[in-house]
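**Q** Okay, handing you the structure first.
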Amino acid sequence: MTWLVRQRAQWGQASVEKMLGALPVIAGFCSRLRIRELVDAACPVRDTAELTHGQVIEVLVANRLTSPAPLVHVQDWARGWAVSEAFGVEPGLLNDDRIGRALDAIAPHLDQVAGSVGLAAIEAFGIDVARLHWDMTSISLHGDYDDAEPGYARPRFGHPKDRRPDLKQVQAGIAVSSDGAIPVFHRAYDGAAGEVGQVIGAMQGLQKLAGPQQMLMIGDSKLISYANLAAMDGASVSFIAPASKLYVSAETLAGLDPATAQAVDYVAARDAGKPADRRGVWHVREDVMTLAGPRKKDPVLRLRRVFVHSSARAQAAEAARAKKLARARDDLARLERGLGSRHYPDEPAVADRITAIGRTRRVNAYLSAETGTDPDTGKPTLSWHFDQQTLDAEAATDGWYALLTNLPAEAADAEQVLRHYKGQEAVERRYQAFKGPLAVTSLYLKNNRRISALITVICLALLIFCLIERQVRQALAARGQAKVDGLYAGRPAVPTGKLVLDALAGIRLIPGTGQSPPTIPQPTDLQLDLLDLLDIDPRDLR
């Protein structure tokens, strides 16, 4: 029998290794985007300053991409990571006060910084911005912010997309290119700002980025208003957006038949891996509609209207309607069994419950109910049914929606209009990164000035996040490949920004001493492959 001798561990010196991770990659992309240079040009510091604002902003961008903890922990993060080696910034200088002063300094120049960095990205990485997708989202805030500073996004209660109506919010708008879904433009807005009212300003900002070339702006239904479309048409900006029922009625959609529409060879991303017989089927047809302005002297806009039918969307609508009807039937049956009980003793109580069922189950449009009181027993009575004519009318619209555009037919036929519009999911995917890997869920900062500045920092981080993904994919395509071996759980995978950063996160650095340079323990084969695809040598430190 072999006996194991129990040993006692000893105290030793603290580990001298630091996390290096993707810092060299981020620093390299910051240099190509000239973030430090452009920030310092917009808000210079005195010659005696130990750090420039551009240096602080670069480090905050790196923090968002590697360890997006609350800003109060940036100094601790910088000590554990090779920030001094990768960015030439001493961690001890990154205290809360210095970070706050950097955010305060760039706040009056956010449009200038965002525009300049966006142009630098277009030039340095050759991004095609002829087609841009625009959308807005909300960011919830913790705090009252009653004394908001004018000139910056004001925290207000609104319609939060994270379903936190108890919190104030600000909003962010992002435009991404069809080329690699790169967020080349961003802007912060008041929490209660209407999305429709921000389109013209965004369009003008995007025109500056796109330059003299023809630009196509694609958005959701908030893009559509007479003022917006007239402004874009007058500025020679093309657009595509879905029309709400305010502009294309349910009756118009109900009168359409997929059999009379043109089938298109389009495969949705969710169907890409399915057999052909299980994929959704798409049809399009088009006509012309006119849109009059609110004043008699306003010119009438003549627009192409492309009707789109998706079999998958029709099936989803049918299933959702059946589900909510079934739930409403259960609620109403339970109510009938309880008539005259302590919960529903009289007609007003029954009427209140019917109202609640119609609202929560979203069946008010087709629920018809009649309440009363039995003269013999004094108990409330109830009779109800779902109006079949209304249900049939709604079912006739299943799967249909309309896209409005001013693109000439020779520039894009109905099928191409659909393909252009379906690229809109790129914005939604970037917002997932905005609120996921970059950890932008709820914020708490001292004032709305710093909130606006932090949104720009986060959007700069998102820009680099997306450029990393684009560069790896382009380098793979040059090799004739689409996946990186071992990227996801040891298996080949299509590279995403998150997967690339996660794979690089394990790289370490041993700081140099005296005349000895820093040492990087040998990266893994996967890490070396990614660094090669990114054309970054982590040994070339600042």
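The values are calculated or read from the model by the stated rules, or taken from the named source; none is laboratory data. Nothing here was measured: the structure is a model prediction, and the numbers come from that model. Cβ coordinates were reconstructed from backbone atoms using ideal geometry, including for glycine residues, and neighbour counts include every protein chain displayed. When the accessible area is computed, the model is the full protein with side chains, heavy atoms only, and any ligands, DNA or RNA have been set aside. Shrake-Rupley method; radii C 1.70, N 1.55, O 1.52, S 1.80 Å.
**Q** Apply the Karplus parameterisation 6.51 cos²θ - 1.76 cosθ + 1.60, with θ equal to phi minus 60°, to every residue of segment 523-535 and state each ³J(HN,Hα) to the nearest whole Hz, in sequence, with x for glycine and proline.
**A** Listing the rounded values in order: x, 6, 4, 4, 4, 5, 5, 5, 5, 5, 4, 7, 6 Hz.
**Q** Next question, about the same structure. So how many Å³ per residue does the convex hull of the Cα atoms of segment 159-258 work out to?
**A** Once divided by residue count, the hull of segment 159-258 is 158 Å³.
**Q** Give me the distance between the Cα centres of segment 498-539 and segment 370-439, rounded to whole Å.
**A** Each part reduced to its Cα centre gives a spacing of 49 Å.
**Q** Among bridges DSSP assigns within segment 131-277, what percent are antiparallel (round to 5)?
**A** 75 percent
**Q** Given 0.36 nm per residue, what is the gain on full extension from GLN10 to ALA356 after removing their alpha carbon distance, in nm?
**A** So the extension gain works out to 117.8 nm.
**Q** So, one more: For the chain, which whole-number percentage of the solvent-accessible area (1.4 Å probe, protein heavy atoms only) is attributable to carbon and sulfur atoms?
**A** 49 percent
**Q** For segment 502-519, take each phi angle, set θ = phi - 60°, evaluate the Karplus expression 6.51 cos²θ - 1.76 cosθ + 1.60, and give the result in whole Hz per residue in order, putting x for glycine and proline.
**A** Going residue by residue, I get 4, 5, 7, 4, x, 5, 10, 9, 9, x, x, 10, x, 8, 7, x, x, 10 Hz, with x marking Gly and Pro.
**Q** Run the paramagnetic zone check for ASN95: 7 angstrom along Cα to Cβ, then residues of segment 38-63 with backbone nitrogen under 15 Å.
**A** 50-51
**Q** Please list, in chain and number order, the residues 5+ apart from THR381 or on another chain whose amide H is under 5 Å from its amide H, with Hs placed from the backbone.
**A** GLY372, THR373, ASP374
**Q** May I ask you to evaluate 6.51 cos²θ - 1.76 cosθ + 1.60, the Karplus curve with θ = phi - 60°, for each residue of segment 295-312 and list the ³J(HN,Hα) values in order in whole Hz, giving x for glycine and proline?
**A** Running phi through 6.51 cos²θ - 1.76 cosθ + 1.60 with θ = phi - 60° gives 10, 4, 7, 5, x, 7, 8, 10, 10, 7, 10, 9, 7, 10, 10, 10, 5, 5 Hz.
**Q** Only one of the listed values, (1) 29.4; (2) 26.0; (3) 40.6, was derived from the coordinates as mean projected area of the Cα convex hull in nm²; which label is it?
**A** Given (1) 29.4; (2) 26.0; (3) 40.6, the calculated one carries the label (3).
**Q** Given 4 °C and 1.567 mPa s, how large is the Stokes-Einstein diffusion coefficient of segment 388-542 in µm²/s, with Rh as the Kirkwood radius over Cα pairs?
**A** The diffusion coefficient I find is 64 µm²/s.
**Q** Now, a different point. Mind checking the per residue accessible area of segment 164-240 for me, 1.4 Å probe, whole number of Å²?
**A** Computed with neighbouring chains in place, this is 32 Å² per residue.
**Q** Which distance in nm do the two modelled labels at LYS324 and LYS208 give, with both placed 7 Å along the Cα-to-Cβ direction?
**A** Spacing of the two 7 Å Cα→Cβ label points: 4.2 nm.
**Q** Could you provide, to the nearest whole Å², the per residue accessible area of segment 449-541 with probe 1.4 Å?
**A** Result: 46 Å² per residue.
**Q** For ILE520, list long-range residues whose amide hydrogen, built 1.01 Å from N in the peptide plane, is under 5 Å from its own amide hydrogen.
**A** ILE510
**Q** Further, regarding this structure: Once the Cα gyration tensor of segment 345-438 is found, what semi-axes does its equivalent ellipsoid get, as square roots of 5 times the eigenvalues, in whole Å, sorted largest first?
**A** Listed largest to smallest, the semi-axes of segment 345-438 are 48, 21, 8 Å.
**Q** Can you give the accessible area of THR252, probe radius 1.4 Å, in Å² rounded to 10?
**A** Its heavy atoms expose roughly 50 Å² to the probe.
**Q** Here's another thing I want to ask about it. Hey, what's segment 304-397 come to in accessible area per residue, 1.4 Å probe, Å²?
**A** With the other protein chains kept in place, segment 304-397 gives 58 Å² per residue.
**Q** Under 5 Å between amide hydrogens, which residues at least 5 positions from ASP135 or on another chain qualify, with H placed 1.01 Å from N in the peptide plane?
**A** So ASP135 has HN proximity to ILE174.
**Q** With a 10 Å radius around each residue's Cβ, average the other Cβ atoms per peptide and rank 309-316, 128-135, highest first.
**A** So the peptides 309-316, 128-135, ranked by packing, come out 128-135, 309-316.
**Q** Per the Kirkwood definition applied to all pairs of different Cα atoms, how many angstroms is the hydrodynamic radius of segment 330-379?
**A** Every distinct Cα pair counted, the radius reaches 11.3 Å.
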